[in-house]
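The values are calculated or read from the model by the stated rules, or taken from the named source; none is laboratory data. Not measured: the values here are computed from a predicted model. As a convention, Cβ positions derive from the backbone with ideal geometry for all residues, glycine included, and neighbour counts pool all protein chains shown. These accessible areas exclude ligands, DNA and RNA; they are computed on the full protein's heavy atoms, side chains included. Shrake-Rupley method; radii C 1.70, N 1.55, O 1.52, S 1.80 Å.
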Amino acid sequence: VSGQPARVTRAQTQPKRELPPQLFDLTSLHREANRALGFTADKTLITAQALYEGRKALTYPRTDRRHLPRDMAGRVYKAMEILPAAYAPYVSGLPRKNCKLPFSTRVFDDAKVTDHHAIIPTGQQVDPDKFTPDERALYDLVVRRFLAAFYPAFEYEQTTIITHCAGQAFRSTGRVVTAQGWKAVTGEPPRA
């Protein structure tokens, strides 16, 4: 089709949004640590266990739950307040109503919590500079997911264009970000 005339037969733009990710359970932590850090499942568990037992930086990691009980709201605020200074811009950027974080059943849901809740940072003061590189990387992953869960949706406009050329139809897509939302915290690049 090189050098052939083409014409756009359809162009459509739609607003889209992606809700923030839920908090980590062990399975989702395994997946994300593998994707983002190249960790094996065993390495993820050993590192998370060290952050739980030795560093007191994360809550119990061997959980299959991605929610928190409602009565943990105060503990969540405390954990956010004492996060290391590197996370202060994300904490101050959290949307609030009447000085409180938005309350979402995507985060707080008593019916979806049994013995253990989602993996989050504890309310303990920690210094990630004293962590091993693996511990620091996994801690960062959990903290960013924890904060992102309270941010608004990532919003964009999705454009789809159909072009006809030499008897063939070609589809082109693109997106324009309208609100960074939770992706400002996780640092995920927008997908094309």
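Among the listed pairs 97/130; 56/100; 16/97, give every one whose C-alpha distance is greater than 29 Å.
Those over the limit are 97/130.
With +1 assigned to the C-beta of every Lys and Arg and -1 to the C-beta of every Asp and Glu, and no other charges, what is the dipole magnitude of the chain about the Cα centre in debye, to the nearest 20?
Result for the chain is approximately 640 debye, rounded to the nearest 20.
Which entry in [x] 22, 20, 18; [y] 27, 21, 14; [z] 39, 20, 15 is this structure's computed semi-axes √(5λ) of the Cα gyration tensor in Å?
[z]
List the chymotrypsin sites (Phe, Trp or Tyr not before Pro) in the stretch 85-130 that DSSP assigns to loop (not H, G, I, E or B) and whose Cβ has at most 12 other Cβ atoms within 10 Å. Which are they?
Sites meeting the loop and neighbour criteria: 103.
Quick check: with the 1.4 Å probe, what order do 81, 157, 53, 135 take by accessible area, largest first?
81, 53, 157, 135
To the nearest 500 deg cm²/dmol, what mean residue ellipticity at 222 nm is calculated for the chain from DSSP H runs of n ≥ 4 alone, each contributing -39,500 (n - 2.57), summed and divided by the residues?
Taken over the chain, the calculation gives -9000 deg cm²/dmol.
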